[in-house]
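Engineer: Sending over a structure as structure tokens; questions will come in a sec.
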């Protein structure tokens, strides 16, 4: 498998002088004529040059960036996760993410230093917007994304027709939820999505399906008990790229992670008329962290996809590595089918 | 305030000889002509007569009761909560709840020993069904309820026209969520509900609103940041009775609880045309545990409402006490309005 690192955080300029880009990763991607359009998550941290406190950024009620000061050594706080500083009451993210758009004709050269068109602004986006996925329905591009705030981990929806102006359509899955992909076609007259609720007391981190007539309101939630991979030890899973339809059914490339948060990508085949039904799953992981750029970074051993493009003979998977950079790889359809077993 | 204990668990027969009814509580209630119809949650435990293990009941894939055996003294399990036995992987409920229907002409005499018409049966109801609320829309009675299983704490919907046959309409709010009440009228052409997502990492336990065109699919989720009571220390809140419309707006009687899980009832007034907008809140709790039957029981100091009936001059609130019995009390509209402040 030919893996290629295509975008690195060091090549992306921060939105402010006192910020640094710590990651450009987990991109949504879609084919648009001869171009490949990518919406990447760009995570920025405050350049930390204070001896006794950290500054963590957030977006206030009027859509502007503010900083919260957190002491560097306090028994009140837990600093063990690089991404999060917690105390008993709440959690703060050490970075804040926004989205940037880039277009490419060769599918591997993307420049993210153009104007920033999608910045967190609502109360649900106080700590940032993350992990976009694009679905094209009737020439409109719908983008699902994770919105993080004091009000939990919500899933928002926005739409665009030109990738310049984006309209927010509100929160479509209440907290906590993430990893939402909308199917590009109706199934038996209804829109379908995969989603991943996070549970607090009972239950596992499973993939669920939901249905909608208008993309805004979702119901008939059903757990996909069969989606848990057979091919690897798994603590949690979540939908990855937007599903694509083949003669055999819907193909979904998704992620799994073990208890040490080592991620891998895997694949399943869903029934064409009932996406809640798993017809086949990977014999072995589709992609695992093996290259140095997949193994070492802001978070080690992370490969995480939010999008792919489909050609006749192969799919090209774009994926975030180590919550820091973007890579891609090509998997032939032959390889995909031989990996799937009923 | 005239509080009255009206149904006790000791007066309700178990569904099996090896079960005992540990609670009849948290009833949905609705006025139907001259009658008051009540749907109560009935919690049953296995009569425990084994020296070295507990038996916890659950409903299996074919809708039948099975037992899981859990050792009585094992370092693997946490027995500190009377309602739940946990280990690292999952949680089990010590009782399983179903619903029973009773009708009353005087509003205080209810007999729950008739046929059991609503028993847990789907994979989302494996550990029981809890805390129903009834809303009448166009002569159909819609019942929201909590469904507990290995797949988390979901919110299901069922409907009936005769309170004898009940049709399930699926899961309307994915896990974890509970305390869902549907408004009895559309607001600006859309159905509205209050719901209470449970968050795992970020965020508080707040009340949210959602909208729907068909009662099945819900979206446009919004947090009611203003719903947190001013009148008492509060760790979590949740909608209680189905809202009722007055000239001043929607009146919602709901619960709050402190960190020690001492519950109280309180009230808020919502904008007639925008139920996300809180116009007024209680100066003081509407109802607190003061009577012996409210203070001591299976869970101490719990008052929890799922329903009330409205007369011209007063409301009669029905509420579960101590996760064990049912009480009611009457609050005059004068008292209600004098308790609300903008």
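Engineer: Going by what's in this entry, would residue B:215 be described as surrounded by fewer than 24 Cβ atoms within 10 Å (Cβ to Cβ) and part of a loop (DSSP other than H, G, I, E, B)? Lay out the reasoning, then the answer.
Structural biologist: Working: surrounded by fewer than 24 Cβ atoms within 10 Å (Cβ to Cβ): yes; part of a loop (DSSP other than H, G, I, E, B): yes.
When the stated conditions are applied, residue B:215 passes them.
Engineer: Which residues, counting only those in region B:258-273, are over 14 Å from residue B:317 (Cβ atoms) and in contact with a strand residue (DSSP E or B) (Cβ under 7 Å, 6 or more places away or on another chain)?
Structural biologist: Correct list: B:268, B:269, B:270, B:271, B:272, B:273.
Engineer: Within region A:171-184, does at least one residue satisfy the condition of being within 11 Å of chain B (Cβ to nearest Cβ), over 24 Å from residue A:25 (Cα atoms) and in a strand (DSSP E or B)?
Structural biologist: Within region A:171-184, none of the residues are within 11 Å of chain B (Cβ to nearest Cβ), over 24 Å from residue A:25 (Cα atoms) and in a strand (DSSP E or B).
Matching residues to (1) in contact with a strand residue (DSSP E or B) (Cβ under 6 Å, 6 or more places away or on another chain); (2) under 21 Å from residue A:227 (Cβ atoms):
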position: A:275; (1), (2): yes, yes
position: A:281; (1), (2): yes, yes
position: A:290; (1), (2): no, no
position: A:301; (1), (2): no, no
position: A:307; (1), (2): yes, yes
position: A:312; (1), (2): no, no
position: A:326; (1), (2): yes, no
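Engineer: Restricting to region B:266-323, give me the number of residues that are touching a helix residue (DSSP H, G or I) at 6+ places or on another chain (Cβ under 6 Å), without any contact (Cβ under 8 Å) to a residue 60 or more places away in the chain and buried (at least 24 other Cβ atoms within 10 Å of the Cβ).
Structural biologist: 1
Engineer: Out of region A:142-154, which residues are within 15 Å of residue A:97 (Cβ to Cβ) and either facing another protein chain (nearest Cβ under 9 Å) or outside any strand (DSSP E or B) (or both)?
Structural biologist: A:148, A:149, A:153, A:154, listed by residue number.
Engineer: Of all residues being in a strand (DSSP E or B) and surrounded by fewer than 16 Cβ atoms within 10 Å (Cβ to Cβ) in region A:226-260, which is nearest to the other protein chains (Cβ to nearest Cβ)? Just the residue, please. Explain how you work it out, then say what you get.
Structural biologist: Our first condition is that a residue be in a strand (DSSP E or B); within region A:226-260, this holds for A:236-239, A:244-246, A:249-257.
Remaining after also requiring surrounded by fewer than 16 Cβ atoms within 10 Å (Cβ to Cβ): A:245-246.
Values: A:245: 23, A:246: 28 Å.
Within region A:226-260, the match that is nearest to the other protein chains (Cβ to nearest Cβ) is A:245.
Engineer: Which count do you get for residues in region A:155-170 that are free of Cβ contacts under 8 Å to residues at least 40 places away in the same chain and either under 17 Å from residue A:38 (Cα atoms) or outside any strand (DSSP E or B) (or both)?
Structural biologist: Of all residues in region A:155-170, those free of Cβ contacts under 8 Å to residues at least 40 places away in the same chain come to A:156, A:159-162, A:167.
Filter again for either under 17 Å from residue A:38 (Cα atoms) or outside any strand (DSSP E or B) (or both), leaving A:159-162.
Count: 4.
Engineer: Restricting to region A:179-214, and then to whatever is in contact (Cβ under 8 Å) with a residue 60 or more places away in the chain and more than 20 Å from the chain's Cα centre (by Cα), can you tell me which residue is farthest from residue A:308 (Cα to Cα)?
Structural biologist: Residues of region A:179-214 in contact (Cβ under 8 Å) with a residue 60 or more places away in the chain: A:179, A:181-185, A:187-188, A:192, A:194, A:209.
With the extra rule that they be more than 20 Å from the chain's Cα centre (by Cα), the set shrinks to A:185, A:187-188.
Details: A:185: 16, A:187: 21, A:188: 25 Å.
Filtering region A:179-214 for residues that are in contact (Cβ under 8 Å) with a residue 60 or more places away in the chain and more than 20 Å from the chain's Cα centre (by Cα), the one farthest from residue A:308 (Cα to Cα) comes out as A:188.
Engineer: So which residues in region A:1-25 are in contact (Cβ under 8 Å) with a residue 12 or more places away in the chain and not in a strand (DSSP E or B), if there are any at all? I'd like the intermediate steps shown before the answer.
Structural biologist: Here is the first cut: in region A:1-25, the residues in contact (Cβ under 8 Å) with a residue 12 or more places away in the chain are A:1-9, A:11-16, A:18-25.
If the condition is that a residue be in contact (Cβ under 8 Å) with a residue 12 or more places away in the chain and not in a strand (DSSP E or B), then A:1, A:2, A:8, A:9, A:11, A:12, A:13, A:14, A:15, A:16, A:18 are the ones that fit.
Engineer: Next question, about the same structure. Regarding residue B:223, is this residue buried (at least 24 other Cβ atoms within 10 Å of the Cβ), more than 9 Å from chain A (Cβ to nearest Cβ), under 22 Å from residue B:257 (Cα atoms) and touching a strand residue (DSSP E or B) at 6+ places or on another chain (Cβ under 8 Å)?
Structural biologist: Numbers: buried (at least 24 other Cβ atoms within 10 Å of the Cβ): yes; more than 9 Å from chain A (Cβ to nearest Cβ): no; under 22 Å from residue B:257 (Cα atoms): yes; touching a strand residue (DSSP E or B) at 6+ places or on another chain (Cβ under 8 Å): yes.
In short, no.
Engineer: Going by what's in this entry, would residue A:41 be described as within 14 Å of chain B (Cβ to nearest Cβ), within 21 Å of residue A:306 (Cα to Cα) and in contact (Cβ under 8 Å) with a residue 40 or more places away in the chain?
Structural biologist: Values: within 14 Å of chain B (Cβ to nearest Cβ): no; within 21 Å of residue A:306 (Cα to Cα): yes; in contact (Cβ under 8 Å) with a residue 40 or more places away in the chain: yes.
The answer is no for residue A:41.
Engineer: Could I ask something else about it? Could you tell me whether any residue of region B:79-91 is farther than 30 Å from residue B:161 by Cβ and within 18 Å of the chain's Cα centre (by Cα)? If you could, list the steps in order and put the result at the bottom.
Structural biologist: Initially, region B:79-91 is screened for residues farther than 30 Å from residue B:161 by Cβ, giving B:79-91.
Still in the list and also within 18 Å of the chain's Cα centre (by Cα): B:83-84.
Checked against the condition, which is being farther than 30 Å from residue B:161 by Cβ and within 18 Å of the chain's Cα centre (by Cα), region B:79-91 yields at least one hit.
Engineer: Related question: So, of the residues in region A:167-200 that are over 19 Å from residue A:214 (Cβ atoms) and crowded, with 19+ Cβ neighbours inside 10 Å, which turns out to be modelled with the lowest pLDDT?
Structural biologist: Taking region A:167-200 as the starting set, the residues that turn out to be over 19 Å from residue A:214 (Cβ atoms) are A:175-176, A:178-179, A:196-200.
If we keep only those that are crowded, with 19+ Cβ neighbours inside 10 Å as well, we get A:175-176, A:178-179, A:196-199.
Numbers: A:175: 96, A:176: 95, A:178: 97, A:179: 98, A:196: 97, A:197: 96, A:198: 91, A:199: 82.
Filtering region A:167-200 for residues that are over 19 Å from residue A:214 (Cβ atoms) and crowded, with 19+ Cβ neighbours inside 10 Å, the one modelled with the lowest pLDDT comes out as A:199.
Engineer: Which members of region B:194-220 meet the condition of being farther than 10 Å from residue A:152 by Cβ and facing another protein chain (nearest Cβ under 9 Å)?
Structural biologist: Passing the criteria: B:195, B:210, B:211, B:212, B:213, B:214, B:215, B:216, B:217, B:218, B:219, B:220.
Engineer: Scan region A:95-104 and tell me whether some residue there is within 14 Å of another protein chain (Cβ to nearest Cβ) and either in contact (Cβ under 8 Å) with a residue 40 or more places away in the chain or surrounded by fewer than 23 Cβ atoms within 10 Å (Cβ to Cβ) (or both). Step through it out loud before you land on a result.
Structural biologist: Here is the first cut: in region A:95-104, the residues within 14 Å of another protein chain (Cβ to nearest Cβ) are A:96.
Add one more test, that the residue is either in contact (Cβ under 8 Å) with a residue 40 or more places away in the chain or surrounded by fewer than 23 Cβ atoms within 10 Å (Cβ to Cβ) (or both), and what stays is A:96.
Scanning region A:95-104 turns up at least one residue that is within 14 Å of another protein chain (Cβ to nearest Cβ) and either in contact (Cβ under 8 Å) with a residue 40 or more places away in the chain or surrounded by fewer than 23 Cβ atoms within 10 Å (Cβ to Cβ) (or both).
The values are calculated or read from the model by the stated rules, or taken from the named source; none is laboratory data. Just so it is clear, the model here is predicted, and its values are computed rather than measured. Neighbour counts are summed over all protein chains in view; Cβ atoms, including those assigned to glycine, are modelled from backbone coordinates with ideal geometry.
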